[in-house]
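The values are calculated or read from the model by the stated rules, or taken from the named source; none is laboratory data. Given the structure is predicted, the values throughout are model-derived calculations rather than measurements. Methodologically, a virtual Cβ is constructed for each residue, glycine included, from the backbone with ideal geometry; neighbour enumeration extends over all protein chains shown.
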Amino acid sequence: MRERVFNILCVVILAITCVSCTKMSNGTEQVKDVPEMKLEYTVDGEPYQMSILSGTSSWSIDNRDGTITREETDSPNPLDAAGHLPEIVKIVDLEALKINFSLTPDSYTVRRWKDSYIGNAQAYEDYYEVVEILDNTITLANDGQGYVYEVHATWSQGNAYYAFHITFT
């Protein structure tokens, strides 16, 4: 009986693995859904982690039958969505955030806008700062102002935007 339950469990795990991840014709891993992004940070010596959902994204899946399934999602730019973004309150000893993805992107960039631009659609294209990334870590501004951050990541299957808000105490 135990052996049968174990065999069934193995088949279920194998089926889940096959559904969620397949190999493309060039041998690279193909993922069914847009990858997740997490922020890791430390406050008063305590580690924290926050999941950030993707906003606007474009994702393709090769169905291996000559067809491709594409998923397109759209969301407001982060300056228009600031009241609905995940928020981290910056305190004095919070200096950096580590960015992790469930699937390593081919590349990604980080931009930020001062809180004073929230609600200003024109500022989205004109008044951002590019944030330097070192070892998947960004250094937070220490000027007493809040910022809206946007991460744009690209993979061979597509791209996604992630946004979050850092407020200052």
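Things to note:
- If you go through region 117-139 and keep only what is among the polar types (S, T, N, Q) and out of contact with any Asp or Glu (no Cβ under 8 Å at 6 or more places or on another chain), you end up with Asn120, Gln122, Asn136, Thr137.
Table: residues versus (1) farther than 30 Å from Tyr127 by Cα; (2) out of contact with any Pro (no Cβ under 7 Å at 6 or more places or on another chain); (3) basic (Lys, Arg); (4) modelled with pLDDT of 55 or more.
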site	(1), (2), (3), (4)
Thr22	yes, yes, no, no
Ser25	yes, yes, no, no
Tyr41	no, yes, no, yes
Met50	no, no, no, yes
Gly55	no, yes, no, yes
Ser58	no, yes, no, yes
Arg70	yes, yes, yes, yes
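- Listed by position, the strands (runs of 3 or more DSSP E) enclosed by region 54-169 that each have at least 2 residues that are of a type in the set (Asp, Glu) are 68-73.
- Qualifying positions in region 138-154 - under 19 Å from Glu95 (Cβ atoms) and either surrounded by 17 or more Cβ atoms within 10 Å (Cβ to Cβ) or in contact (Cβ under 8 Å) with a residue 24 or more places away in the chain (or both): Ile138, Thr139, Leu140, Ala141, Asn142, Gly144, Gln145, Gly146, Tyr147, Val148, Tyr149, Val151
- Matching residues in region 53-75 - criterion: being of a type in the set (Ser, Thr, Tyr) and in contact with a Gly (Cβ under 7 Å, 6 or more places away or on another chain): Ser57, Ser58, Ser60, Ser75
- Subset of region 126-137 [of a type outside the set (D, E, K, R) and either over 16 Å from the mean Cα position of the chain (by Cα) or buried (at least 18 other Cβ atoms within 10 Å of the Cβ) (or both)]: Tyr127, Tyr128, Val130, Val131, Leu134
- Single condition Asp115 does not satisfy, out of (1) acidic (Asp, Glu); (2) closer than 23 Å to Ser58 by Cα; (3) surrounded by 14 or more Cβ atoms within 10 Å (Cβ to Cβ); (4) free of Cβ contacts under 8 Å to residues at least 60 places away in the same chain: (2)
Every residue, every condition in (1) within 15 Å of His152 (Cβ to Cβ); (2) in contact with a helix residue (DSSP H, G or I) (Cβ under 6 Å, 6 or more places away or on another chain); (3) touching a residue at least 60 places away in the same chain (Cβ under 8 Å), yes or no:
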site	(1), (2), (3)
Ile88	no, no, yes
Pro105	yes, no, yes
Tyr108	yes, no, no
Arg111	yes, no, no
Gln122	no, no, no
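- Flag if Tyr147 is over 18 Å from the mean Cα position of the chain (by Cα), modelled with pLDDT of 95 or more and not charged (D, E, K, R): no
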